[in-house]
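Notes follow once the structure below has been shown.
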Amino acid sequence: MSNKVLCSHCHLEFSEEVMIVDDTHYFCCKGCQGVFHLLSDEGFDSFYDKAGDTKLSAPTTQYEDSSNFNAPAFYDKFVKINNDGLYEVSLIIVGIHCSACIWLNEKALHKMDGIVEAQINFTNNKASIIWSDDVVKLSAIIDMIRAIGYDAYPYDASLQEVHANKERKDYYQRMAVAIFASMNIMWIAVAQYAGFFSGMTQEIKTILNIAEGILATPVLFYSGWVFFRGTYYGMKNGVVNMDSLVATGASVTYIYSVYITFTESGEAYFDSVSMIITFVLIGKFLEVISKKNAADTLDVIARHLPSEVNVLKDKKISTCKLEDVNIGDVVVVSSGERILLDGEIVLGEGSFNESSLTGESEPVYKKVGESVISGTTSIDADIHFKTSRDFEHSTLSNLVSLLENAINKKPKIQVLANRLSEHFSTLILLLAFATFFVWWFWPHSLEESLMVGVSVIIIACPCALGLATPVATLVGLNIAAKKGILFKEAAQLETIAKVTTLLVDKTGTLTLGKPNVVKEILLHDFDKRVLYSLVKSSKHPISQGIIRFFQEKNKVEEIIFDSLSQVAARGIKAQYNEMQIIGGNLQFMLDNGIKSDYKSEHSLFFIAINSELVAVYELSDTLKEGAKELVESLKKKNIETIMLTGDHENSANKVAQIIGITNVHANLSPQDKLSFVQELQKNKKIVVMAGDGVNDILALGAADISIAMGSGSDIAVDVGDIVLLNDSLFSLLSAFQISSTTFTLIKQNFGISLVYNAVTIPLAMAGYIIPLIAALSMSFSSLLVVGNSLRIKYKYKKA
């Protein structure tokens, strides 16, 4: 028979056979070992001194076996592997009540070996965890979460409503008991107050106190259980949170009232106990509902996705799971259905609603050979399309992932708020005890001193501070997504709100990026197949314009070059038989020793064969709508707009003059653009770069914020911090406006929270606020912050 030993954390006995030895400490499981080291590292060793030999109760909740989280089927459905070979999962953490809960979970997870990142969003309790599966298994991560008093289940948008309804039902039941009891207590309180003025025997007074106590007991211990549970796990892990304040204030008042009732001396405050729990519980419930409303739109996209599509195979239409559709499969879509995968139409035509991605309500007509985008809806089109991407890499899937990732990346100002919240509740408890002793020794009665101390505890609200940033951020991201603006991180809302300089590319950013040939100058006869094949090798808008020019005139055959190379933002070189072909802008010609004094206000494309210039093409692009409004609006915000382009100076100046840009830099290579960005940053400028092409990649990567036009190259979209799905300059302007408004609201929320606490806590310490009013004020401050954050939602709803 094996010997029994005591766990160094929970003090429960367990067999030596399962013992985990760590220096001079012994643990019954990895969870206890992890929490022990977490508390020690954070300086909370006194927890064990206070607990003494007290045994922490074994968990009564029967959790699902954590090993199920390691099952291949679970990994296939919920776990992703990123480009670095690390594993990612989204979990909903059960039991989170305040920012201290967020802090504790993130700290516990970060202490585990193999955890690379753990971010939890306060608005929906959703954790984004990245880890190395070779070092730590997902089951061990779940065990750690459970060990500190919480639970987790995989995030599934389709199940979120079920869990939300379950949580609401629990709140409804607890509120029903609290409200029913509180209303009856108030009737009894009316009788007590009447007796106070008209006279009442002590016997009757005691009977009324007992009646109030009986009604207040289920309110405190059933309706208020959520606060006691939060306090227990907070104290277990050395954290003082908002639950601690509510539970301490209500419990002290309750115990004092019981004492008064049985000693038949002084006034009992069972009505305050009931009202404290009721008002704070209602406020907490409204806060949960408000946070869910703010987050709903982000779940709607994923929640309403059908899981199956119709696929044409062997001339038969069969139903297939989204995940099982491969690149090249033909998908059948009927009018009214959503497009769930990206692809190219091979049969049929019709109109499509792309407003869910671009924010544009105007239907888009498409026919055979044109692309369809996942997330859009067929209005009247019955089509067959060949898939170009699987679901995991589709536009819609990427959209959902970008939004999820953005929410989990905290702005710097939120990190600051969380740090303040960590120590706020502890400070309030110290102030409350200090206030009690000062009043008691002043001297005042024990009853009066106790009520003043309780008021200080109850009125302080760390939740308002914790909510100041996440709700406003979530609503801002939400509105931006509806307008076709995707922020890859919430932190970018804060950065772009502080920007000083906007750098813009010309072609494809300020212009439509579809220049057309307006003039052809032939200097010598040459084989047009050479030029056509040369530009066919490039995706640059100028090359595409020349391709369209040839396709509109006559069909030209392609040839295969012996060799070909491209120079970004300059041109293309190729070898064909005995011909050395060079095509590109004037700077590219000069770099290769070919001179020309040809000038134009349009974009120019030169072609030379064997060092002899044979033709020049003038191309004109169309300015995008909103270019002038963008420059003017940013100028009013003291944001300078600078044009950086690889095009020649005349063409760049013409566009700049029309839209009001005074600072223009032309004939720039990708390295030149990079150097320009770095020079601005050396001068303490906060730089935003907007571009769409490969030649913008270096500058986009170096800028404080990079904005990629959605129609641009895939690599530009990958590098961009913000993606404009509809390519509109109005959307670019909206990105600045939404960021500025959101950041303003965050600062207002901070102000509301800090002013509220700065005003109400001294008033409570001075004895001007009773516990009942304190409970109302505490709930009101949280709702005020949430309501202020939602103002942006209604502002842009009207716009």
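The values are calculated or read from the model by the stated rules, or taken from the named source; none is laboratory data. Small disclaimer: the values here were computed from a predicted structure and weren't measured. In this analysis, Cβ positions are derived from the backbone assuming ideal geometry, glycine residues included, and neighbour counts consider all displayed protein chains. What goes into the accessible areas is simple: the full protein's heavy atoms, side chains included, and nothing from ligands, DNA or RNA. Shrake-Rupley method; radii C 1.70, N 1.55, O 1.52, S 1.80 Å.
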Margin query: I'm trying to understand the selection: among the residues of region 631-654, which are among the polar types (S, T, N, Q) and open to solvent by 60 Å² or more (accessible area, probe 1.4 Å)?
Written below: Asn638, Asn650, Asn653
Item checked: Filter pass, Glu618 being outside any loop (DSSP other than H, G, I, E, B), at pLDDT 90 or above, under 36 Å from the mean Cα position of the chain (by Cα) and among the acidic types (Asp, Glu) -> no
Note to self: Based on this model, can you work out whether Gly767 counts as crowded, with 24+ Cβ neighbours inside 10 Å and either more than 21 Å from Phe279 (Cα to Cα) or modelled with pLDDT of 80 or more (or both)?
What the structure shows: no
Item checked: Unique match (being open to solvent by 30 Å² or more (accessible area, probe 1.4 Å), touching a Gly at 6+ places or on another chain (Cβ under 8 Å) and not charged (D, E, K, R)) among His524, His540 -> His540
Notebook entry, point to check: Given the residues Lys628, Lys595, Lys599, which is the only one that is open to solvent by 30 Å² or more (accessible area, probe 1.4 Å), within 23 Å of Asp527 (Cα to Cα) and among the charged types (D, E, K, R)?
Noted result: Lys595
Margin query: For region 467-577, give me every one of the helices (runs of 4 or more DSSP H) that falls completely inside it and has 1 or more residues that are in contact with a Ser or Thr (Cβ under 9 Å, 6 or more places away or on another chain) and within 22 Å of Ala652 (Cβ to Cβ).
Written below: 528-536, 541-553
Check: Filtering region 311-354 down to residues that are small (Gly, Ala, Ser) and under 29 Å from Val79 (Cα atoms), which residue is farthest from the chain's Cα centre (by Cα)?
Finding: Ser318
Check: Looking at region 650-693, which of its residues are within 16 Å of Ile542 (Cβ to Cβ) and modelled with pLDDT of 85 or more?
Finding: Ala652, Lys654, Val655, Ala666
Item checked: Which numbered condition Ala268 misses (of (1) in a helix (DSSP H, G or I); (2) hydrophobic (A, V, I, L, M, F, W, C); (3) within 21 Å of Ile204 (Cβ to Cβ)) -> (1)
Next item on the list: Evaluate region 59-76: report whether one residue or more is at pLDDT 85 or above and touching a strand residue (DSSP E or B) at 6+ places or on another chain (Cβ under 7 Å).
Entry: no
Margin query: With the structure loaded, tell me whether Gln657 is exposed (fewer than 14 other Cβ atoms within 10 Å of the Cβ), assigned to a strand (DSSP E or B) and at negative phi or whether it fails that test.
Written below: no
Check: Does region 236-243 contain any residue that is open to solvent by 20 Å² or more (accessible area, probe 1.4 Å), at pLDDT 80 or above and of a type in the set (Lys, Arg)?
Finding: no
Item checked: Failed item, numbered, when Ile582 is tested on (1) assigned to a loop (DSSP other than H, G, I, E, B); (2) open to solvent by less than 60 Å² (accessible area, probe 1.4 Å); (3) of a type outside the set (D, E, K, R) -> (1)
Next item on the list: For Ile141, work out the one condition from (1) aliphatic (A, V, I, L, M); (2) modelled with pLDDT of 90 or more; (3) assigned to a strand (DSSP E or B); (4) out of contact with any Asp or Glu (no Cβ under 8 Å at 6 or more places or on another chain) it doesn't fulfil.
Entry: (3)
Next item on the list: Name every residue in region 424-456 that is of a type in the set (Gly, Ala, Ser), assigned to a helix (DSSP H, G or I) and more than 12 Å from Ile761 (Cα to Cα), in order of residue number.
Entry: Ser425, Ala434, Ser449
Checklist line | Single unsatisfied condition, Tyr259 versus (1) modelled with pLDDT of 80 or more; (2) more than 30 Å from Arg389 (Cα to Cα); (3) not in a helix (DSSP H, G or I) | finding: (3)
